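The values are calculated or read from the model by the stated rules, or taken from the named source; none is laboratory data. This structure is a prediction, so every number in the text was calculated from the model and none was measured. Don't worry about glycine lacking a Cβ; one is built from the backbone with ideal geometry, like all the others, and counts go over all protein chains shown.
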Amino acid sequence: MPIEPNGPTEWSPTRSRRSQPRRVTVVPGGPVLIEGPVELQLDDGTTVVSDRFQVAVCACRRSRNYPFCDASHRRKRR
Ligand code: FES
């Protein structure tokens, strides 16, 4: 998934209009699933955009592709 530095983008969730509420699903022990497309603003100020139909956002902070889930949450911790 592309990671773009903070900057102007064509698409913005604040500008889009939805007739239905956006569904967010919390997976116990796993990611947060969000209906895409999404624009995520990270704690370091960068913005990450994904135009996927559904986006899995890492909630465990173990992903090598953070902020997106790469299934690292399934690995056993030592
Ligand atoms: S939730 Fe899947 S890697 Fe973090």
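Tabulated results
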| read-out | value |
| --- | --- |
| The range 32-52, subset more than 11 Å from the chain's Cα centre (by Cα) and without any contact (Cβ under 8 Å) to a residue 40 or more places away in the chain, residue nearest to the ligand (Cβ to nearest atom) | D43 |
| Residue selected from the range 53-72 under the condition within 15 Å of the ligand (Cβ to nearest atom) and under 18 Å from Q20 (Cβ atoms), by the criterion surrounded by the fewest Cβ atoms within 10 Å (Cβ to Cβ) | Q54 |
| Number of positions in the range 25-65 that are of a type outside the set (S, T, Y) and assigned to a strand (DSSP E or B) | 15 |
| Any hit, the range 4-18, residues being at pLDDT below 55, of a type outside the set (G, A, S), under 20 Å from R64 (Cβ atoms) and out of contact with any Phe, Trp or Tyr (no Cβ under 8 Å at 6 or more places or on another chain) | yes |
